[in-house]
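Structure, as structure tokens:
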Amino acid sequence: MTAKMISLLFFLSFINAQIALPTFQGVHTPHTTSSGTPENPLQSSGIATNSINVAWTWTMGYKFTPQVNGEITHLGGRFNGTKTVRLWSVSSSSSGSFLGSVSVDANNNWSYAELASSISVTAGTTYIVAVALNGSGGQYKSAWAGPHTYGNVTINACVLEPNYNSDSYPTWDYFTYTWAMYGMADVTFVPDE
């Protein structure tokens with residue numbers, strides 16, 4: 001029996017046969033919305049805070065520029081308590097447009113809330129995300145020294161406005177503050193693919 005098997009294998013090794021395998025014919029459906037990997041720029045930086053639970057009455061956050069087109073799907077940050085986080089487009093230090101806001105509950109950890117509708121953002125355009133701290137739960141990192149690019153987003157500078165909690169665009173007492181990060185607000189950015 002072994003001799004017959006070896007003979008058969010030897011014979012088959014000289015035959016140049018092909019086997020037809022079944023194939024899958026799929027249909028490609030293009031995406032009509034952002035579908036890249038979500039990015040949380042400030043959180044992904046690995047930034048560690050110097051102090052927590054600071055009792056500031058300021059609105060604090062950062063000015064950023066996407067490097068590619070995409071969408072902001074969530075707003076949030078690292079603070080303590082229930083806070084309002086807002087997003088504006090920027091024309092100048094005293095001029096911009098309100099784009100959206102969410103209420104976020106955090107316990108000195110990174111927390112985000114989904115916007116009612118995602119907001120399209122354009123590469124090269126400047127935006128601001130900021131949290132109204134209302135006298136409690138603030139955090140900061142000294143010696144941040146920006147600007148820095150994290151993923152597809154460049155964080156240009158920290159922005160600060162005292163005694164402010166409104167959807168209207170603030171006048172920003174500090175618009176180009178680059179040596180520390182106050183407020184620890186953040187976005188979820190999803191790049192277009």
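The values are calculated or read from the model by the stated rules, or taken from the named source; none is laboratory data. Here the structure is a predicted model, which means the values were calculated and not measured. Reconstructed Cβ throughout: ideal geometry from the backbone, glycine too, with neighbour counts over all protein chains shown. Ligands, DNA and RNA are stripped out before the accessible areas are found, and what is left, the full protein with its side chains, is counted by its heavy atoms. Shrake-Rupley method; radii C 1.70, N 1.55, O 1.52, S 1.80 Å.
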Take the residues in region 57-79 that are open to solvent by 10 Å² or more (accessible area, probe 1.4 Å) and hydroxyl-bearing (S, T, Y), then tell me which one is farthest from P38 (Cα to Cα).
-> T57
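Counting just the residues of region 99-110 that are under 14 Å from V129 (Cβ atoms) and not hydrophobic (A, V, I, L, M, F, W, C), which one comes out most open to solvent (accessible area, probe 1.4 Å)? Write out each step before concluding.
Of region 99-110, the ones under 14 Å from V129 (Cβ atoms) are 99-102, 104, 110.
Applying the additional criterion that residues be not hydrophobic (A, V, I, L, M, F, W, C) yields 100-101.
On the way: G100: 8, S101: 49 Å².
Of everything passing the filter in region 99-110, S101 is most open to solvent (accessible area, probe 1.4 Å).
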Being more than 17 Å from the chain's Cα centre (by Cα), under 15 Å from T84 (Cα atoms), open to solvent by less than 10 Å² (accessible area, probe 1.4 Å) and among the small types (G, A, S), is that true of even one residue in region 133-143?
-> yes
Long-range neighbours under 8 Å by Cβ, at least six apart or interchain, first residue touching a residue at least 12 places away in the same chain (Cβ under 8 Å) and within 17 Å of R86 (Cα to Cα) within region 171-191, second among the small types (G, A, S) and open to solvent by 10 Å² or more (accessible area, probe 1.4 Å) | T171/S93; T171/S94; W172/S93; W172/S94; F175/S93; M181/G146; F189/G151
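Answer with yes or no whether L87 is closer than 17 Å to V131 by Cβ, within 15 Å of the chain's Cα centre (by Cα) and of a type outside the set (D, E, K, R).
Working: closer than 17 Å to V131 by Cβ: yes; within 15 Å of the chain's Cα centre (by Cα): yes; of a type outside the set (D, E, K, R): yes.
Answer is yes for this residue.
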Selected residue (criterion: nearest to W110 (Cα to Cα)) from residues of region 82-98 that are part of a strand (DSSP E or B), open to solvent by 30 Å² or more (accessible area, probe 1.4 Å) and of a type in the set (S, T, Y) | T82
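Okay, residues lined up against (1) assigned to a strand (DSSP E or B); (2) touching a residue at least 40 places away in the same chain (Cβ under 8 Å):
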position	(1), (2)
V102	yes, no
N107	yes, no
Y112	yes, yes
I119	yes, yes
A123	no, yes
I128	yes, yes
W144	no, yes
Hey, any hits in region 165-175 for a residue that's of a type in the set (D, E) and either farther than 25 Å from S91 by Cβ or open to solvent by less than 40 Å² (accessible area, probe 1.4 Å) (or both)?
-> no
Evaluate region 124-131: report whether one residue or more is within 20 Å of P66 (Cβ to Cβ), buried (at least 22 other Cβ atoms within 10 Å of the Cβ) and of a type in the set (S, T, Y).
-> yes
